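Everything below concerns the one structure shown next.
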Ligand SMILES: NCc1[nH]cc(CCC(=O)O)c1CC(=O)O
């Protein structure tokens, strides 16, 4: 029997966003014996869905993919918001809280090409398409001879552009491709040793109104703590850099029992300069490790580096 008051889940309308919502719904159904009738999916268009290429970069980091959804949550038009944690700014609106993370998917970037097996196999002067400043910088760092072009659109569009020869290769998150059922399109996953992923890549967070104890309780049953502590370290790194830095940023925390290893990197967009560091310690120090790593990189990069990116 349909519930009178279904849980309204707010989301972007992209296929990836919807796949993430279905995963949340399935997990809640399994944990609580609920059915699809207990949920209503509310699609919300965000500015990020409307803005074009260049502008998108300039507005980066300001919650372009989350703002309108958060507003709907604050206004009580929806009860839960599902976000790719990669797209969530480090400062959260006060009435809201991300109380749940689903188990993290593969954190790596995927190299996709119809011509070669990996980045290092690309011929001199090859063209790589990506809209991510981080990926652009990392590609240029590894292969200064490669030309990077702006490349947006959904997975199908990007693959078609490869077929049309617009670019020789592209990079996308393995997580997104897997959730979309496109894992077969991956030529090779890129090791984090070669290309450190974006902060929180592959992690999905569920946000509610802070005061909503009922939904908080429901979500606690499916919360994945290991994902959460990793994201805490990575986002602490990002938060510490954010105020002073508009540069490509990468970071990844891995767990080994109750020990964590955090790696962080900042780069100039053209890949001509990069700084990386690592921390190891108990999981209880997750936040401090991320912060401390950021402080070290800010020190090491120095004012000249920072001046080049503002
Ligand atoms: N910024 C877009 C975005 N946000 C989350 C993902 C992929 C899935 C994830 O990292 O969780 C993507 C696309 C991509 O980078 O390929």
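Considering each residue of region 137-155, count those that are away from the ligand (no atom under 16 Å from the Cβ) and on the phi > 0 side of the Ramachandran plot, and give that number.
The number of residues fulfilling the criteria is 0.
Name every residue in region 156-179 that is over 30 Å from residue 278 (Cβ atoms), within 13 Å of the ligand (Cβ to nearest atom) and buried (at least 19 other Cβ atoms within 10 Å of the Cβ), in order of residue number.
158
Could you go through region 196-209 and let me know if any residue there is closer than 30 Å to residue 94 by Cα, more than 16 Å from the ligand (Cβ to nearest atom) and in contact (Cβ under 8 Å) with a residue 40 or more places away in the chain. Before you say what the answer is, go through the steps one by one.
Of region 196-209, the ones closer than 30 Å to residue 94 by Cα are 197-209.
Applying the additional criterion that residues be more than 16 Å from the ligand (Cβ to nearest atom) yields 208-209.
Filter once more, keeping what is in contact (Cβ under 8 Å) with a residue 40 or more places away in the chain: 208-209.
Yes.
Between a residue in region 72-99 that is closer than 23 Å to residue 249 by Cα and any residue that is away from the ligand (no atom under 16 Å from the Cβ) and part of a loop (DSSP other than H, G, I, E, B), which pairs come within a Cβ distance under 9 Å, given they are 6 or more apart or on different chains?
Close Cβ pairs satisfying both conditions: 98/92.
Spot the failing condition for residue 192; the list is (1) part of a helix (DSSP H, G or I); (2) modelled with pLDDT of 95 or more; (3) more than 30 Å from residue 93 (Cβ to Cβ), and only one is missed.
(1)
Residues of region 156-189 being in a helix (DSSP H, G or I) and more than 27 Å from residue 254 (Cβ to Cβ), which ones?
156, 157, 158, 159, 160, 161, 162, 163
From the list 219, 252, 268, 238, which one is in contact (Cβ under 8 Å) with a residue 24 or more places away in the chain and in the same structural domain as residue 90 (by TED's automatic domain parsing)? Lay out the reasoning, then the answer.
Numbers: 252 fails: in the same structural domain as residue 90 (by TED's automatic domain parsing); 268 fails: in the same structural domain as residue 90 (by TED's automatic domain parsing); 238 fails: in the same structural domain as residue 90 (by TED's automatic domain parsing).
None of the others qualify; the one that does is 219.
Can you name the residue in region 195-213 that is touching a helix residue (DSSP H, G or I) at 6+ places or on another chain (Cβ under 6 Å) and assigned to a loop (DSSP other than H, G, I, E, B) and, of all such residues, is surrounded by the fewest Cβ atoms within 10 Å (Cβ to Cβ)?
Checking each candidate, the answer is 195.
Could you check region 123-155 and list, in sequence order, the residues that are surrounded by 21 or more Cβ atoms within 10 Å (Cβ to Cβ) and more than 20 Å from residue 246 (Cβ to Cβ)?
Across region 123-155, the qualifying residues are 128, 129, 151.
Can you tell me which of (1) crowded, with 20+ Cβ neighbours inside 10 Å; (2) under 26 Å from residue 241 (Cα atoms); (3) in contact with a strand residue (DSSP E or B) (Cβ under 6 Å, 6 or more places away or on another chain) is the one residue 78 doesn't meet?
Of everything listed in (1) crowded, with 20+ Cβ neighbours inside 10 Å; (2) under 26 Å from residue 241 (Cα atoms); (3) in contact with a strand residue (DSSP E or B) (Cβ under 6 Å, 6 or more places away or on another chain), residue 78 misses just condition (2).
The values are calculated or read from the model by the stated rules, or taken from the named source; none is laboratory data. Not measured: the values here are computed from a predicted model. Here Cβ is always computed from backbone atoms with ideal geometry, including for glycine, and neighbour counts include all displayed protein chains.
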